[in-house]
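Below: one structure, written as structure tokens.
The values are calculated or read from the model by the stated rules, or taken from the named source; none is laboratory data. Since this is a predicted model, take the numbers as computed values, not measurements. Positions of Cβ are backbone-derived with ideal geometry, glycine not excepted, and every protein chain shown enters the neighbour counts. For the accessible areas, the whole protein counts, side chains as well, though only heavy atoms, and no ligand, DNA or RNA atoms are used. Shrake-Rupley method; radii C 1.70, N 1.55, O 1.52, S 1.80 Å.
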Amino acid sequence: MKIANPNGSYIAPIILSVGLHVGIVVLTLISWPSLSKQQPIAPHIQARILDQDMLNQLMEPTDPLPDIKPKPVEESKPAPAKKPEKTEQQLQAEKQEQALLEKQKADAEKKRLEAIALKQKKLEEEERKKLEEAKKRRLAEQKAKEKREEEKRLAEQRKKQKQEEAERKRLAKEQEVQRKAEAKRLAEQKKAELEKRLKQEREKARLEKMRKEELALQQQAAEFERALMAKAEVQDSAKRQQRELSELEKFTVQIKIAVEQAWILPPGDNSGLKATLNLRLAPSGDLIEAKITQSSGDQAYDIALKSAAYAVTRYPVTRDPQLFNREFRNMYLNFSTE
Amino acid sequence: MLNRFLLIVCLSVLSGPVAADLVIEITKGVKAALPIAVVPFANDTGQSLNEDIAQIVSDDLLRSGDFDPLARARMLSLPSAGDEIYFRDWSILGQRSLLVGNVTYDAASQKFRAQYELYDVKSQTRLVGKVLSGGRDKLRDIAHAIADTVYETLTGERGVFATQIAYVTLEQKGSDVQYKMEVADADGQRSKLIFRSKMPLLSPAWAPDGKKLAYVSFESGRPAIYIQDIASGTRTLIANYKGLNSAPSWSPDGNQLAMTLSKDGNAEIYILDLRSSQLRRLTRHWAIDTEPSWSPDGKSIVFTSDRGGGPQVYMVGVDGNQPRRLTFEGSYNARPRFSLDGNTIYYVHQRSGFNLAALDLETDQNTILTETDMDESPSVAPNGSMIIYATLKQGKGVLAVVGVNSGSKYTLPARVGDVREPAWSPFLKVN
């Protein structure tokens, strides 16, 4: 779809827009030198640096051991490695000295160590004891702490409970309030609903009334229309009857004329003679059979009228099948002479 | 339960025409001669027949004025029995009735046997079927009997084709004068002589039994009344009083004869008891009272009287109470005769000529019946449907018949001489 450009060319803006978008895309794709990757954190070792001084200290228990509190694991930064700045000779001498020292030390050490060991054992024992005691103490403390904590917890719990209780109460109250409010609301709602319903019902009633009135009007209208239709129907039926009647009249006259013209009266006085002839006609108007149902008592009269009925070559009859079946299929001729 | 069911069934069956079925009132018809085809009878006798039965029947029916027989030339087929009939042949010719028949001969009895059937063409139903037999001389009687049956079946009235007429002929050959009283068939055939005289014969009157004729004869030089037995020819003089003896009229029971006698001064009407020969006077008036005629019920007599100044018709009871005048139109009304039912008087009425007229006693309506205008001596057929009378045709005396209700109008075959004074016989017993 070509967009018409009524006000000059759109080329420049298009280029700018495209360039911007391209720039953004490029920028996102280029990997900037990010912050150095975080070195993996070494597993933390809980280490106490035991150096000479410390050992010395240990050998002489002067101060009660400080509370050994389980120290939280500290995130210690790994110390950077110190680089000794010494020459190689020095190093060798040092080393020899050191070796001697060390040997002396070693012996002393050994003794000392033995003593230490003993002491250590004792210490250890004591320490163990202490540890145990500490442990016990710790335990006790723990327990106490726990108890305290328990208590605290309990207290807290209680407090909490109280709080909760209070909260509950508050909540309950709130709920109560809410409930009351709710109830009120409900009540009001109900009232409102009731009112609404009442209103609705009134409305409904009104509508109903209106509807009824309308219905009544409709019914009236319908009845009026029905009456009109019935009248029309009656008129129609009257028309139909009229038509049928006029057809009936027409054919009656025609049949009467046809028969009367065919009826050769016997000579002499026929006054007072009368007879009835039953005719059965086919829809074509042809005579199927003529039968005397009421004789005149005069044979010649009967012969003449029967002959007349048969002498009519075709009876003029209606083509309306309903009318034919009703009136013409089986009909009667009453012959009489004054 | 069953009874109730049956009742309901019966009620519904017997309820008659359903209300919805059309009922049309037919209140008038056509007064017309009935078209009838009389097919020549098949001759299965093996011999020639001297009489054409079908033709006699056809002629009889034609003369009655109530039938219109189909000319033979127009017939499309000639059936002689029912199974040969193709009804359409006759229907398309507009025929309503069809007569077919055949004649056979029984050599043993020497009798001819005529078998006939009458059909209604439109409804294709057989109305009558009979067999008649008789000798060769009876063929005409058979034919007339068939005509009578057809007539009666289709009109409801008795036919008069087997009746007879009596009449007088006058032959003049120069100075020779011959009066003859004859009796013939109603169609004028087979005439036979009853009495001949050089002197006038007048006023034949049939006895109700058809066996005797009373008439006036001048054979003695004076008018006298005779009764003659037709079969035997025996004559009896019954009235020969001083003066007039004329115009005999039989009572319906045949025991009395009304007549005109002038023995007591002027013409009066008397009644003669034939058994006791007792004479009773009926009229007492100085005017002429003549031409009596009995009513069919035997209680009244009509006659001609000029007591009103000119001839008029009067009626009087047989017990003789005051006669009353019946005719008031015209100056001449005479020769009255009762109709069969006693409700009409036929008489001669003069206007320009002399015509037969009919007077309805109930409505006092007069009707002229004839177009011929020298009419006299009306005599009513025994079925009341026709009147025979004397008239002049081309100057010659002839007998004519006119139908009372039908358009019948014919003249009997001419005879030698003048024919006059006709009298129609009663119904004759078939022998």
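Residues that are of a type in the set (A, V, I, L, M, F, W, C) and surrounded by 16 or more Cβ atoms within 10 Å (Cβ to Cβ) within region B:263-286 comprise B:A267, B:I269, B:I271, B:L272, B:L274, B:L282, listed in sequence order.
Only one residue in A:K130, A:K110 is in a helix (DSSP H, G or I) and either open to solvent by 100 Å² or more (accessible area, probe 1.4 Å) or at pLDDT 75 or above (or both). Which one? Going through A:K130, A:K110 in turn, just one is in a helix (DSSP H, G or I) and either open to solvent by 100 Å² or more (accessible area, probe 1.4 Å) or at pLDDT 75 or above (or both): A:K110. When you look at B:T155, is it under 25 Å from B:A32 (Cα atoms), among the hydroxyl-bearing types (S, T, Y) and out of contact with any Ser or Thr (no Cβ under 6 Å at 6 or more places or on another chain), yes or no? Yes: the conditions hold for B:T155. For the criterion of being open to solvent by 40 Å² or more (accessible area, probe 1.4 Å), assigned to a strand (DSSP E or B) and not charged (D, E, K, R), B:N102 fails.
Condition first: within 14 Å of chain A (Cβ to nearest Cβ) and open to solvent by 10 Å² or more (accessible area, probe 1.4 Å). Now tell me which residues in region B:383-392 satisfy that. Those that are within 14 Å of chain A (Cβ to nearest Cβ) and open to solvent by 10 Å² or more (accessible area, probe 1.4 Å): B:N383, B:G384, B:S385.
Just to check your reading of the model, which residue among B:S246, B:S251, B:S203 is closer than 30 Å to B:D148 by Cα, modelled with pLDDT of 95 or more, open to solvent by 10 Å² or more (accessible area, probe 1.4 Å) and of a type in the set (S, T, N, Q)? Selected residue: B:S203, the only one of B:S246, B:S251, B:S203 that is closer than 30 Å to B:D148 by Cα, modelled with pLDDT of 95 or more, open to solvent by 10 Å² or more (accessible area, probe 1.4 Å) and of a type in the set (S, T, N, Q). From the list A:E249, A:E244, A:E223, the lone residue that is acidic (D, E), under 30 Å from A:M331 (Cβ atoms) and open to solvent by 100 Å² or more (accessible area, probe 1.4 Å) is A:E249.
Within region B:63-96, the residues that satisfy the criterion of being closer than 26 Å to B:R113 by Cβ, part of a helix (DSSP H, G or I) and open to solvent by 80 Å² or more (accessible area, probe 1.4 Å) are B:R72, B:D83, B:E84. Among the criteria (1) within 14 Å of chain A (Cβ to nearest Cβ); (2) within 16 Å of B:L34 (Cβ to Cβ), the one B:A147 does not fulfil is (1). Scanning region A:316-327 for residues that are part of a helix (DSSP H, G or I) and over 13 Å from A:E249 (Cβ atoms) yields a count of 5. Taking B:T260 as the residue in question, decide whether it is assigned to a strand (DSSP E or B) and open to solvent by 50 Å² or more (accessible area, probe 1.4 Å). Considered against the rule, which asks whether it is assigned to a strand (DSSP E or B) and open to solvent by 50 Å² or more (accessible area, probe 1.4 Å), B:T260 comes out as no.
Output yes when any residue across region B:114-122 is within 14 Å of another protein chain (Cβ to nearest Cβ), out of contact with any Cys (no Cβ under 8 Å at 6 or more places or on another chain), at positive phi and open to solvent by 20 Å² or more (accessible area, probe 1.4 Å), and no when none is.
Kept after step one, since they are within 14 Å of another protein chain (Cβ to nearest Cβ), are these residues of region B:114-122: B:118-122.
Restricting the remaining residues to those that are out of contact with any Cys (no Cβ under 8 Å at 6 or more places or on another chain) gives B:118-122.
Narrowing further to those that are at positive phi: none.
No - not one qualifying residue is present in region B:114-122.
Taking the conditions (1) more than 21 Å from the chain's Cα centre (by Cα); (2) open to solvent by less than 40 Å² (accessible area, probe 1.4 Å) in turn, B:G395 satisfies each one other than (2).
Conditions tested, residue by residue: (1) within 14 Å of chain A (Cβ to nearest Cβ); (2) within 26 Å of the chain's Cα centre (by Cα).
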residue	(1), (2)
B:V23	yes, no
B:A33	yes, yes
B:T45	no, no
B:D60	no, yes
B:D66	yes, yes
B:L70	no, yes
B:A73	no, no
B:L78	no, no
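Scanning region A:309-319 for residues that are buried (at least 17 other Cβ atoms within 10 Å of the Cβ) and farther than 20 Å from B:K122 by Cβ gives a single hit, A:T318. Just to be sure, is B:S377 in a strand (DSSP E or B) and in contact with a Pro (Cβ under 9 Å, 6 or more places away or on another chain)? Yes, satisfied.
Being more than 23 Å from A:A308 (Cα to Cα) and surrounded by 17 or more Cβ atoms within 10 Å (Cβ to Cβ) is the filter; apply it to region A:321-338 and report the residue that is farthest from the other protein chains (Cβ to nearest Cβ). Once the filter is applied, the top-ranked residue is A:L323. Within region A:252-302, being among the β-branched types (V, I, T), buried (at least 18 other Cβ atoms within 10 Å of the Cβ) and either more than 9 Å from chain B (Cβ to nearest Cβ) or without any contact (Cβ under 8 Å) to a residue 24 or more places away in the chain (or both) holds for one residue alone: A:T252.
For every residue, the table says whether it meets (1) at pLDDT below 95; (2) open to solvent by less than 40 Å² (accessible area, probe 1.4 Å); (3) in the same structural domain as B:R63 (by TED's automatic domain parsing); (4) on the phi < 0 side of the Ramachandran plot.
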site: B:S339; (1), (2), (3), (4): yes, yes, no, yes
site: B:M374; (1), (2), (3), (4): yes, no, no, yes
site: B:V380; (1), (2), (3), (4): no, yes, no, yes
site: B:G403; (1), (2), (3), (4): yes, yes, no, yes
site: B:A414; (1), (2), (3), (4): yes, no, no, yes
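For B:E152, the criteria (1) without any contact (Cβ under 8 Å) to a residue 60 or more places away in the chain; (2) away from every other protein chain (no Cβ under 14 Å) hold in every case but one, which is (2).
Give region B:150-181 a look and list any residue that's buried (at least 21 other Cβ atoms within 10 Å of the Cβ) and more than 19 Å from B:S408 (Cα to Cα), or say none. B:A166, B:Y167, B:V168, B:T169, B:Y179, B:M181, listed by residue number. Restricted to region B:312-330, and to residues there that are open to solvent by 20 Å² or more (accessible area, probe 1.4 Å) and touching a Lys or Arg at 6+ places or on another chain (Cβ under 9 Å), the residue that is farthest from B:D373 (Cα to Cα) is B:D319.
Taking the criterion of being under 12 Å from B:R140 (Cα atoms) and among the charged types (D, E, K, R), the residues of region B:173-190 that qualify are B:D185, B:D187, B:R190.
May I ask you to verify whether B:Q47 is open to solvent by 30 Å² or more (accessible area, probe 1.4 Å), under 26 Å from B:T155 (Cα atoms) and not hydrophobic (A, V, I, L, M, F, W, C)? Taking the combined requirement at face value, the residue does not satisfy it. Of the strands (runs of 3 or more DSSP E) lying entirely inside region B:287-363, those containing at least 2 residues that are over 16 Å from B:P248 (Cα atoms) span B:312-317, B:344-350, B:354-360.
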